[in-house]
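J.: Structure in C-alpha cells, see below.
What follows draws every value from the coordinates through simple rules; no lab data is involved. Just so we're clear, the structure is a prediction, and the values are computed from it rather than from any experiment. For neighbour counting, all protein chains shown are included, and Cβ atoms are generated from backbone atoms with ideal geometry for every residue, glycine included.
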Amino acid sequence: MDLISHVLLSYIFAYWVFGLQTKYLIAASIAGALPDMDVLLWPISRKFKLLRHHGITHSIVGVLLITAVMAPVFLWNFGGNLYVYALIFAFGGLGHILLDSSTQFKVSPLLPFKQNSLRFDADRAVNILVLVLSLGAMIVLLLEMNNVPLYYFTITMYFVTLLYLVYALLRIIGRYKVKKYYISHHMNGEILATANPLNWLIFGRKLHRRSITLNLFKYNALNAKCKKLINTQLSNIKPVRIKTLSQAIALSYSKIKGDWLISSTRCVFKAARKGSLWSIVWYSLDLAGMGYSAAIYTTINREGRISVKSGWYKIKELGVIF
C-alpha cells in the first residue's frame, strides 16, 4: 500500500482510540510510515538481504525493535504515556505489515527466523484510486484539526472511516467471489487484484519441456462473468527463420526468458506486426500502477534480428485499470 494511506489509516486508529491528542496522532502517523523507511538503507540492502524493502522492518521482530526505540523517544520529547506510545507504534507497524500483505507483493512477518511469506493479492500496492482518496482525506483532516469545532472534525472522521470500511468490504467480497469462481471452475493459476475492486485477474503460467503456457482471464465481481484475455502456448525453442507472428513471439521469449522481470514476476505479452517488424511487449502485472507497467519491449525483423529495451509502458491494452 502507498505511504500516504499507511499514514492516514494509522492516524484514524489513533484518533478513535485516544481522541484528538496531537502528540499521539503525530506518533501514529510516523508509526504507519516507519516500516517503509527501509528504502533509505539502499545500497547497503544490496549486500544484506534482511535490510531490503519488505525485509526485517516488515516483520514482527522489526516492529518490536522500532517500538522499543520510538516509544521512549516520543515520551522524552512530547510527554504522555509510554504504554500508549508502545501500543501506537506496535499497531502502526503490524497494521503496515497486514496492509502490505494484502497487495501483490510478499512480506515475511517471521523474519529473521523464517522466510514464510504472506501475499493475499486483494489490492494493488499503489492504487491510484486509493492514493487520491487518502491524499484528499489527509489534507482535509489536517486543515480541520484544531481549526474547526470538534463536532465537525468528528463528522469528517466518521465519513472518512466509513469510506475505507466500505472499500475494504468491497475488496473482501470481490476477492471471495473470484476465489469461489476459481475453485468451482477448476482453474489453475493465481488471482491478481486491479485498481477497480470489481475487476480481478486470474493469471496462469505453466512450464513444459519445450514450451510455456500463458493464461489470463478477467473476472467481474458484479456480474460474475469471466472473460479470456490471453490463452497461448509459447515454444521454448528458438526458431531458425521468422515467418509468422507466433515464431516472432517464440524468438522474443527465448531471448528474454532469463530476465528477472520475466522469471520473478507475473508477466503477459501483447504482440503485433508493424510493417516488416514484429513488436512484442512483455508487461509485468506485479510492477504495474497508474496505467503503466515495468515492461520489456522487443522488435524483430524478418531476418530474426531482435532489439530489446526495457522501461515503463502503458498497459491499457488489457482493458483493466492498474
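J.: Just the Cα atoms of the range 86-136, one point each, no solvent: what log10 I(q)/I(0) does Debye give at q = 0.14, 0.28 Å⁻¹?
T.: -0.44, -1.03
J.: What span do the alpha-carbon atoms of the range 190-318 cover on each of the three principal axes, reported in whole Å from largest to smallest?
T.: 47, 30, 27
J.: Taking the Cβ of each residue in Leu198, Leu25, Leu261 as the centre, tally the other Cβ atoms inside 10 Å and list the residues starting with the fewest.
T.: Leu198, Leu261, Leu25
J.: Mind listing P(r) for the range 3-68? All alpha-carbon pairs, 10 Å bins, whole percents.
T.: Final binned percentages: 22, 43, 27, 8, 1.
J.: Mind listing the phi-derived Karplus ³J(HN,Hα) values for the range 125-141, rounded to whole Hz, using 6.51, -1.76 and 1.60 with θ = phi - 60°, and x for any glycine or proline?
T.: Result, ordered by residue: 4, 10, 9, 4, 5, 5, 4, 5, 4, 5, 5, x, 5, 5, 4, 4, 5 Hz.
J.: If one computes the Cα centroid of the range 86-126 and of the range 34-82, what distance in Å separates the two points?
T.: Here the two parts' Cα centres lie 14 Å apart.
J.: Mind putting a number on the dipole of the range 3-147 about its Cα centre? Charges go on the C-beta only, +1 for Lys and Arg and -1 for Asp and Glu, and I need it in Debye to the nearest 20. Numbers along the way, then the final one.
T.: Numbers: 9 positive and 6 negative charges, 109 e Å.
My answer is approximately 520 debye.
J.: Would you mind computing Rg(Cα) / (2.2 N^0.38 Å) for the chain, counting N as its residues?
T.: Working: Rg = 23.1 Å, N = 322, 2.2 N^0.38 = 19.7 Å.
After normalising by residue count via 2.2 N^0.38 Å, the value is 1.17.
J.: Take the alpha carbon atoms of the range 3-147, find their radius of gyration, then divide it by 2.2 N^0.38 Å using N residues; give the quotient.
T.: The range 3-147 yields a ratio of 1.06.
J.: List the lysines whose alpha-carbon lies under 24 Å from that of Lys243, not counting same-chain residues fewer than 8 positions away?
T.: Straight-line reach from Lys243, under 24 Å: Lys255, Lys257, Lys270, Lys274, Lys309.
J.: Where a Cα-Cα gap under 27 Å defines reach, which lysines qualify for Lys177, not counting those fewer than 8 residues away within the same chain?
T.: Lys106, Lys206, Lys218, Lys225, Lys227, Lys228, Lys316
J.: Take the alpha carbon atoms of the range 131-191, find their center, do the same for the range 8-28, and report the distance between the two centers in whole angstrom.
T.: That distance is 18 Å.
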